Amino acid sequence: MARNIRIVEVGPRDGLQNEKSSIPTAIKLSFIDALASAGLREIEATSFVSPKWVPQLGDAEQLWPALPPGPLYSALIPNAKGLARAIDLGVDRIALFTASSETFVQRNINMSIEQSLAVFADLIAEFRSRKPSGWIRGYVSTAFECPYEGWIDPRNTANVAKKLVDIGVDEVALGDTIGVAVPAEVAALTKIVTEAIPVDRIAYHFHDTRGTAIANVLQALELGVGCFDSSAGGLGGCPFAPGAGGNLATEDLVYFLERSGLPTKVDLYRLSQASLAIFEVLGRSPSAKSQLAQLSLSGTCPT
Ligand code: COA
Ligand code: ZN
């Protein structure tokens, strides 16, 4: 059972990238500030992708230099142009992203899986030469199922994970992009992936589309995985994955870990306030279950 747990807050990137209405940079910054004040130590703050593909995160150049000090920030990078933009701003933690489904990679970054790995190998070499102490994550999206291709053989996911480690990423994040997985599948995938790469290189990125994310976290924890992605209030989805629901809510993850005796150093009350504030801007309520329970206890939850 993993005991030193890391939480990577992906709300500002995976969450906000999916929002239709334009969110001012200042609002994003106060959201991130509130997340940092709640004690979140690792935050994926934005992406350096094409603003034509993801307009919502087109303000990365304005956002990055204004990020509040404290947390470790990372950014999603798809290609050489994205890496150059990030290096210019001093970004030292990057996340590259591919998937175990050809169709998804094509629709998401307009490359094949092999092309993406070849591009990433060059990006990693460039990044390591410019930022020797930098940190690199590689995402394998659609690790269980693809919205276009359906079920994905776990051996394909393990294969891509191994290739990412071989080209030099520090960590592989396995993404249940459309939130279909159940614990038995997490166990099966973890077993196959850990035959290819060490368990301490694995993070899980669960979406909670079908309410299975916490059960999946428990399963992964029991198999030694210690890093989980989540988003405040359950923000999220993916514009290139029809049917993707929000990420596992950070409140639910923190509640579950703390009550299980696994300390997170995250202040649940402050985190709830951070979520409520950003959801108020978005004009809807957080989907986090622990958040709904709080509202209902305080009598403000509509029945
Ligand atoms: N940052 C900013 N602009 C970029 C860019 C980047 N990282 N990469 C490409 N562009 C620009 C190019 O300069 C070009 O601009 P122009 O039309 O004004 O000349 C245009 O985008 C097209 O460039 P091209 O290299 O042909 O890219 P593409 O259209 O094949 O798209 C990606 C490839 C990777 C840039 C695009 O698919 C993308 O940004 N995907 C990200 C998707 C995402 O964020 N998904 C969320 C994760 S789940
Ligand atoms: Zn996601």
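The values are calculated or read from the model by the stated rules, or taken from the named source; none is laboratory data. Not measured: the values here are computed from a predicted model. Methodologically, a virtual Cβ is constructed for each residue, glycine included, from the backbone with ideal geometry; neighbour enumeration extends over all protein chains shown.
If you go through the range 192-244 and keep only what is surrounded by fewer than 21 Cβ atoms within 10 Å (Cβ to Cβ), among the small types (Gly, Ala, Ser) and part of a loop (DSSP other than H, G, I, E, B), you end up with 211, 224, 226, 243.
Among the residues of the range 139-158, the one identified as on the phi > 0 side of the Ramachandran plot and more than 16 Å from ligand 2 (Cβ to nearest atom) is 150. Listed by first and then second residue, the pairs linking a residue in the range 243-256 that is at positive phi to a residue that is surrounded by fewer than 24 Cβ atoms within 10 Å (Cβ to Cβ) and hydrophobic (A, V, I, L, M, F, W, C), with Cβ atoms under 8 Å apart and 6 or more places separating them unless they lie on different chains, are 243/178. Looking across the range 30-64 at every residue that is hydroxyl-bearing (Ser, Thr, Tyr) and away from ligand 2 (no atom under 16 Å from the Cβ), the one that is farthest from residue 251 (Cα to Cα) is identified as 50.
The requirement of being of a type outside the set (Ser, Thr, Tyr), out of contact with any Ser or Thr (no Cβ under 7 Å at 6 or more places or on another chain), within 16 Å of ligand 1 (Cβ to nearest atom) and assigned to a helix (DSSP H, G or I) is fulfilled somewhere in the range 162-172, by at least one residue. Counting only strands (runs of 3 or more DSSP E) wholly contained in the range 44-150, the ones carrying 2 or more residues that are of a type in the set (Ser, Thr, Tyr) and either within 16 Å of the chain's Cα centre (by Cα) or more than 12 Å from ligand 1 (Cβ to nearest atom) (or both) occupy 72-77, 135-141. Only a single item in (1) in a helix (DSSP H, G or I); (2) farther than 14 Å from residue 203 by Cα; (3) in contact with a Ser or Thr (Cβ under 7 Å, 6 or more places away or on another chain) is not met by residue 179, and it is number (1). Checking the range 234-244 against the condition returns no match, with no residue being more than 16 Å from ligand 1 (Cβ to nearest atom) and more than 25 Å from residue 271 (Cβ to Cβ).
Any chance the range 200-215 includes a residue that's at pLDDT 95 or above and touching a His at 6+ places or on another chain (Cβ under 6 Å)? No, the conditions are met nowhere in the range 200-215. Scanning the range 84-108 for residues that are touching a residue at least 60 places away in the same chain (Cβ under 8 Å) and in contact with a strand residue (DSSP E or B) (Cβ under 8 Å, 6 or more places away or on another chain) turns up 95, 96, 98, 99, 100, 104, 108.
Restricting attention to the range 241-258, the residues that are within 16 Å of ligand 2 (Cβ to nearest atom) and of a type in the set (Ser, Thr, Tyr) total 1.
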